[in-house]
Structures are given as C-alpha cells and as structure tokens.
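Asks: Sharing a structure with you now.
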C-alpha cells in the first residue's frame, strides 16, 4: 500500500515499509533491536530510512556510535507515521471482514404472509453471527422487488417464481412449496368439512388478493376454479392479505389463499383443504447473478441450513 503516490516517472514514493522501519527504530532508538523485532536486515533498515529522509528533505534521526535520537522533525513525523500505520491496519482488517461478509449492507425484499412465518428466525440467526452488517428489510410485492433489484436497493428477494423474461438474470432457489386452501367464515355451512369441493362454491362471492400484487397466485386461483368447472365471481380485490381475511371473517365472501396465510390467526375463519388440489405455489429466494456481496453469501448459508426446518413448518 502506498502512502504518497508519485505522478512522475522518477519521483520517489513513500511506502508503508518506510514508515514501519522508521517507527521501529524510533520506538527502540536502536537499529539492531528494530532489525530483530521487524525481522529485517539492519542494512536494509538503514538504507530505507536514508531514502525516507532524502524524500522528505529532512533529517529524522541523529545517529552516533553510542545512541540514536529523534530530531525535532523526526518527533513530529513519528506521530503522523504511527497514525498512518494504525489507519492502514484498520483498513486491512475492515477489508478482510467485508470479504468474509462480516460488515457491509444487505437489503432484503419480502412479501406478506409467505415470508412472515420464516423471516424473523432467519434475521435473528443472521444478526447473532453478523451483528455489524446493516440489514435493511423492505415489504414488497414481486413486481416491486424486481424494480428494487434494478435500482440496487435490495440484494435478496423472497418472492414467487420470476417472470420468464427476467429469469435468465437471476439465481432462484426454492425455499418451500405452498398450496391453495379455502378460507370460509366459521359459520359457513361448508366449514364443518375437512375437504371442500370447489364446485360447491361456484355461486359464492370471492374475495381475492389483487392480481397486481401477486399475478401468479391470482392466475392459479382462476385456474383451479376452472378445473373445478366454474369461474369465480370476485367481488373484492384487496391489496393486503390481512384485509382479505377481515372481509372473509365479516361474512362478505370466501377466498382461495395460500396455506401460509393461516399464520394470521383469525379465530372466526375456517381454513380447509380443497379438491381439486391446486398447483404448487413456490416461495423462492432470488438474487441477481451479477451480485457480488459477501453479506448475501453469508445470509444464504444460514437460509440453506434452516431450509429443512422451514419446510417442516410450512408444508405440514
């Protein structure tokens, strides 16, 4: 590492070793002791300090056969040299920690009920191991996450399967697989059944999370109803899954929801399996292939370790 960089071909440059050798001699006021401590031959130390004095155009050390003393210029230069070496050591340590993912910034996008049951434990495990990383969490729907990736605001997203036109730019790793279930008011006649045949709901009003927020989920709702022989009559499309559950609990309709939404714990909503079964609904961890962020790598290691427990929790 260079402290002063010369712009001319013949201009001398001051390197950290010049400062280390000078500080070593100044500390012990003895060339032989500095040589022993620094594990550098004494003639090399002597020549390096002469080069340093020539570059600075000042005498730093006064040397006799019996003693070595700092000059006034040497005393002033010693304080600055020690500070430069201290900062250089700190910079080296910081760079090494950043390369290990121990410092830096990690932005994570997530959406609603699909991530809420698993994200707190992951974040807590990560912060215990990497407390000095600045962790930024953003609640975003899948489209908002893609925009945030493009803007550099997030490094990792918990989202549904990516749209085909963007998939080649991303790494995508399955976290767990969900499925659709039916949410009914607890007083609904079908709430007593363990499995609800969708065709029996053909005349019911449906309350569905809006398509803009999760297009693949909305499309599967339509698809599974059509496989059951009808098109759902959707009377409301809230922007939040908690609102969907509020409307169902209020008796304003039924809703096909991912099974993960059960964690919202509405006491007057019955959640039942459906027939026919829906297609699998994956929750994926996604990041740009072009991303180089050691903090992301460290988080992914924690996620991969936790995956078996996550799948037991969410796919039961």
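Asks: Determine the pairs where a residue that is assigned by TED's automatic domain parsing to the domain that holds residue 291 and under 21 Å from residue 136 (Cβ atoms), located within the range 154-170, has a partner that is surrounded by fewer than 16 Cβ atoms within 10 Å (Cβ to Cβ) and at pLDDT below 95 with Cβ atoms under 6 Å apart, the partner being 6 or more residues away or on another chain.
Replies: Hits for this filter: 155/291.
Asks: Assuming residue 121 fulfils every condition listed in (1) at pLDDT 85 or above; (2) within 29 Å of residue 288 (Cβ to Cβ); (3) not assigned by TED's automatic domain parsing to the domain that holds residue 158 apart from one, which condition is it?
Replies: (3)
Asks: Checking residue 297 against (1) in a helix (DSSP H, G or I); (2) surrounded by fewer than 21 Cβ atoms within 10 Å (Cβ to Cβ); (3) assigned by TED's automatic domain parsing to the domain that holds residue 214, only one condition comes out false. Which one?
Replies: Every listed condition holds for residue 297 apart from (3).
Asks: For the condition modelled with pLDDT of 95 or more and exposed (fewer than 15 other Cβ atoms within 10 Å of the Cβ), what is the one hit in 263, 305? Walk me through it before giving the result.
Replies: On the way: 263 fails: modelled with pLDDT of 95 or more.
Result: 305 is the single residue among 263, 305 that is modelled with pLDDT of 95 or more and exposed (fewer than 15 other Cβ atoms within 10 Å of the Cβ).
Asks: Can you pull out the residues in the range 205-215 that are touching a residue at least 40 places away in the same chain (Cβ under 8 Å) and surrounded by fewer than 17 Cβ atoms within 10 Å (Cβ to Cβ)? Don't jump to the end; show me each part of the working.
Replies: Filtering the range 205-215 for residues touching a residue at least 40 places away in the same chain (Cβ under 8 Å) gives 205-209, 212-215.
Across the range 205-215, the qualifying residues are 205, 212, 215.
Asks: Got a number for residues in the range 13-39 being closer than 15 Å to residue 85 by Cα, touching a strand residue (DSSP E or B) at 6+ places or on another chain (Cβ under 9 Å) and free of Cβ contacts under 8 Å to residues at least 40 places away in the same chain? Let's see the steps before the verdict.
Replies: Just the residues of the range 13-39 that are closer than 15 Å to residue 85 by Cα, to begin with: 14-27, 38.
Next, from what is left, pick out any that are touching a strand residue (DSSP E or B) at 6+ places or on another chain (Cβ under 9 Å): 14-16, 18-19, 22, 25-26.
Within this subset, residues satisfying the condition of being free of Cβ contacts under 8 Å to residues at least 40 places away in the same chain are 15, 18.
Residues meeting the conditions: 2.
For (1) in contact with a helix residue (DSSP H, G or I) (Cβ under 9 Å, 6 or more places away or on another chain); (2) farther than 19 Å from residue 176 by Cα; (3) not in a helix (DSSP H, G or I), each residue gets a yes or a no:
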| position | (1), (2), (3) |
| --- | --- |
| 106 | yes, yes, yes |
| 114 | yes, no, no |
| 122 | yes, no, no |
| 127 | no, yes, no |
| 137 | yes, yes, yes |
| 143 | yes, yes, no |
| 146 | no, yes, no |
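Asks: Identify the single condition in (1) touching a residue at least 60 places away in the same chain (Cβ under 8 Å); (2) part of a helix (DSSP H, G or I) that residue 287 does not satisfy, given that it satisfies every other one.
Replies: (2)
Asks: Kindly check whether there is at least one residue in the range 63-73 that is under 30 Å from residue 240 (Cβ atoms) and either part of a strand (DSSP E or B) or at pLDDT 90 or above (or both). Quick ask: steps written out before the conclusion?
Replies: To start, the set of residues in the range 63-73 that are under 30 Å from residue 240 (Cβ atoms) comprises none.
Checking the range 63-73: not a single residue is under 30 Å from residue 240 (Cβ atoms) and either part of a strand (DSSP E or B) or at pLDDT 90 or above (or both).
Asks: Got at least one residue in the range 92-102 being at pLDDT below 90, surrounded by fewer than 20 Cβ atoms within 10 Å (Cβ to Cβ) and under 29 Å from residue 277 (Cβ atoms)?
Replies: The answer is no; no qualifying residue exists.
Asks: Now a separate question. Return the residues of the range 232-251 that are part of a loop (DSSP other than H, G, I, E, B) and surrounded by 15 or more Cβ atoms within 10 Å (Cβ to Cβ); say none if nothing qualifies. Outline the logic, then answer.
Replies: The first filter runs over the range 232-251 and keeps only residues part of a loop (DSSP other than H, G, I, E, B), leaving 232, 237-240, 250-251.
Hits for the range 232-251 are 232, 237, 238.
Asks: Can you tell me which residue within the range 217-227, out of those that are in contact (Cβ under 8 Å) with a residue 24 or more places away in the chain and surrounded by fewer than 18 Cβ atoms within 10 Å (Cβ to Cβ), is farthest from residue 279 (Cα to Cα)? Lay out the reasoning, then the answer.
Replies: Narrowing the range 217-227 to residues in contact (Cβ under 8 Å) with a residue 24 or more places away in the chain: 217, 220-221, 223-225, 227.
Going one step further and asking which of them are surrounded by fewer than 18 Cβ atoms within 10 Å (Cβ to Cβ), we end up with 223, 227.
Working: 223: 9, 227: 11 Å.
It comes out as 227.
Asks: Given the criterion modelled with pLDDT of 85 or more, assigned by TED's automatic domain parsing to the domain that holds residue 93, surrounded by 18 or more Cβ atoms within 10 Å (Cβ to Cβ) and more than 22 Å from residue 90 (Cβ to Cβ), identify the matching residue among 58, 25. Even if it seems obvious, please write down each step before you answer.
Replies: Values: 58 fails: surrounded by 18 or more Cβ atoms within 10 Å (Cβ to Cβ).
The conditions single out 25.
Asks: Does residue 229 meet the test of being at pLDDT 95 or above, more than 18 Å from residue 158 (Cα to Cα), outside any strand (DSSP E or B) and over 23 Å from the mean Cα position of the chain (by Cα)? Give the steps one after another, and end with the answer.
Replies: On the way: at pLDDT 95 or above: yes; more than 18 Å from residue 158 (Cα to Cα): yes; outside any strand (DSSP E or B): yes; over 23 Å from the mean Cα position of the chain (by Cα): yes.
So residue 229 passes the test.
Asks: Which of the residues spanning the range 195-215 are assigned to a loop (DSSP other than H, G, I, E, B) and either touching a strand residue (DSSP E or B) at 6+ places or on another chain (Cβ under 6 Å) or within 21 Å of residue 279 (Cβ to Cβ) (or both)? Spell out how you get there, then give the answer.
Replies: Looking only at the range 195-215, we keep the residues that are assigned to a loop (DSSP other than H, G, I, E, B), and these are 202-204, 208-214.
Listed by number, the residues that qualify are 202, 204, 208, 209, 210, 211, 212, 213, 214.
Asks: How many residues, within the range 57-90, are in contact (Cβ under 8 Å) with a residue 24 or more places away in the chain and under 25 Å from residue 295 (Cα atoms)?
Replies: Final tally of qualifying residues: 1.
Asks: A further question on this structure: Output the number of residues of the range 182-204 satisfying the condition of being under 17 Å from residue 223 (Cα atoms) and either surrounded by fewer than 20 Cβ atoms within 10 Å (Cβ to Cβ) or at pLDDT below 95 (or both). Break it down stepwise before answering.
Replies: Quick first cut of the range 182-204, residues under 17 Å from residue 223 (Cα atoms) only: 182, 196-204.
If we keep only those that are either surrounded by fewer than 20 Cβ atoms within 10 Å (Cβ to Cβ) or at pLDDT below 95 (or both) as well, we get 197, 199-200, 202-204.
Residues that pass the stated criteria total 6.
The values are calculated or read from the model by the stated rules, or taken from the named source; none is laboratory data. All values reported here derive from a predicted model rather than from experimental measurement. Virtual Cβ from ideal backbone geometry, glycine too; neighbours counted across all protein chains shown.
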